[in-house]
Amino acid sequence: MRGIARGRMSPLLALGGVLAAMVVLAACGSSSNDDTKSSTSGGGGGKEVKIGAALIGPKNDKSFNQAAYQGILVAQKSDPNLKLTSTLENKETDAQRTDAVNTLAPLNDVVLGVSASFGPIFNVLAPKFPSKYFINVAGYTQDYHKNVTGFANDWGAPAYVGGVIAATMTKSKTVGYVGGAEIPPTVQGANGFAAGVKSVDPSIKVLKNITGDFNDVAKAKAATSAMITDGADVIFPFLDAGIAGSYAAGKASGKDPAMFKLTIPDCTSYDNIVGTEVVNNLAATSVMLDKYVKKTLKPGAVFLDLQDPKLQTLKLCPKYQKDAQVSKVTKDTIDGVNSGKIKLPANAINARPAYPYQEGFDGPVKNAGKTG
């Protein structure tokens, strides 16, 4: 069985409940001092561990980047020896990500990159900084490095569930997927969503537009508006801050198409949100930092699918939890994936590496002893 074993409470699950409280913290506004101050009480006087973070987008996007940033704050609060020295935001190109890592690595003990797009950067730069440790949230390196741990969600798994739901709900037999940057999670999500739709009804038309930016509101609005014009009545925006554009397009159309959200649940910003592809970056980030401090973080990669709903799932909003048909098809699909009855397409999940990796943080190490 893949993922974290059922019936066992891990530190990661205990941290899952702090997500809502931390979202409130961020909504109230984080000052620039968040990046520099650290606690000086407790902790037993261990060695200070300096952390430098690089994000693909802004740390207040109410989604992917914000959740990981808050995970660092949770870890820092739990362990006074951790100190977040700087957070470099909106690193949208390989050149910017490379510059960010080259800036952070000499000054910190740990460099944390938030996005699968940091995997290739770490793959090149980690060997140049052998005394530093690199943590990749939502990605992993092609090659094994003894100073790198990657955490990679199978983004296509919850998106597959979303596709099944969309196919169940559509009246026009046309649905849409609006993606952000064209990186592995976006592609996995698109493939998973389309596969879920086609598993219900191959005749349903699936529109797709990859805007190239998770946070560009104008691009998201234009892409979503075009899909609504083309008849889509259920849309999956695989976006961060840019999702505001999709919501605006839905409202402006007067057709109120059903939509989904990414990472952090929010059932109030748009009148017809079906649910959220929940990816608990907050918990994952804080646990990896905790394990690093305790010297229990294993180099290699960690993968997660749908085995634990506190970590990754498709969570319905209350309106649709009460809809018997939608609720049933959601549960049945998740159960089918977890039991192996439903096989996700290979292009909707991460390819497992030839080097050591785990299925879940508490899972056994596979390919143990292999380093290439």
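Give Pro202, Pro158 a once-over and let me know the one that is without any contact (Cβ under 8 Å) to a residue 24 or more places away in the chain and not small (Gly, Ala, Ser).
One residue alone meets the criteria, Pro202.
Do you know which of the residues in the stretch 206-226 that are open to solvent by less than 10 Å² (accessible area, probe 1.4 Å) and more than 20 Å from the chain's Cα centre (by Cα) is farthest from Ser117 (Cα to Cα)?
Per the criteria, the residue is Thr224.
Does the stretch 135-147 contain any residue that is of a type in the set (S, T, N, Q), open to solvent by less than 10 Å² (accessible area, probe 1.4 Å) and more than 20 Å from Thr313 (Cα to Cα)?
yes
Please enumerate the residues belonging to the stretch 185-205 that are touching a Lys or Arg at 6+ places or on another chain (Cβ under 7 Å), of a type outside the set (Gly, Ala, Ser) and either over 24 Å from Thr333 (Cβ atoms) or open to solvent by 30 Å² or more (accessible area, probe 1.4 Å) (or both).
Lys205, the sole residue that qualifies.
Keeping to the stretch 244-260, report how many residues are of a type outside the set (Phe, Trp, Tyr), closer than 24 Å to Gln312 by Cα and open to solvent by 10 Å² or more (accessible area, probe 1.4 Å).
So the answer is 1.
Search the stretch 261-286 for residues being of a type in the set (Ser, Thr, Tyr) and farther than 14 Å from Pro237 by Cβ, and hand back the single one that is surrounded by the fewest Cβ atoms within 10 Å (Cβ to Cβ).
Thr268
Go through Gly163, Gly180, Gly192 for me and flag whichever is in contact with a helix residue (DSSP H, G or I) (Cβ under 9 Å, 6 or more places away or on another chain), closer than 23 Å to Ala248 by Cβ and of a type in the set (Gly, Ala, Ser).
One residue alone meets the criteria, Gly180.
Restricting to the stretch 346-372, what's the tally of residues that are more than 17 Å from Leu314 (Cβ to Cβ) and in a loop (DSSP other than H, G, I, E, B)?
Result for the stretch 346-372: 18.
Determine whether the stretch 172-184 contains at least one residue that is without any contact (Cβ under 8 Å) to a residue 60 or more places away in the chain and over 15 Å from Ser115 (Cα atoms).
Checked against the condition, which is being without any contact (Cβ under 8 Å) to a residue 60 or more places away in the chain and over 15 Å from Ser115 (Cα atoms), the stretch 172-184 yields at least one hit.
Hey, which of the helices (runs of 4 or more DSSP H) in the stretch 73-192, taking only ones fully inside, have at least 2 residues that are of a type in the set (Gly, Ala, Ser)?
Because the criterion is at least 2 residues that are of a type in the set (Gly, Ala, Ser), the helices (runs of 4 or more DSSP H) in the stretch 73-192 that meet it are 94-104, 156-169.
Of all residues in the stretch 232-243, how many are open to solvent by less than 30 Å² (accessible area, probe 1.4 Å), under 21 Å from Gly196 (Cα atoms) and of a type outside the set (A, V, I, L, M)?
Total satisfying the criteria: 3.
The values are calculated or read from the model by the stated rules, or taken from the named source; none is laboratory data. These numbers come from a predicted model, not from an experiment. Cβ coordinates were reconstructed from backbone atoms using ideal geometry, including for glycine residues, and neighbour counts include every protein chain displayed. Areas reflect the complete protein model, heavy atoms only, side chains present, ligands, DNA and RNA absent. Shrake-Rupley method; radii C 1.70, N 1.55, O 1.52, S 1.80 Å.
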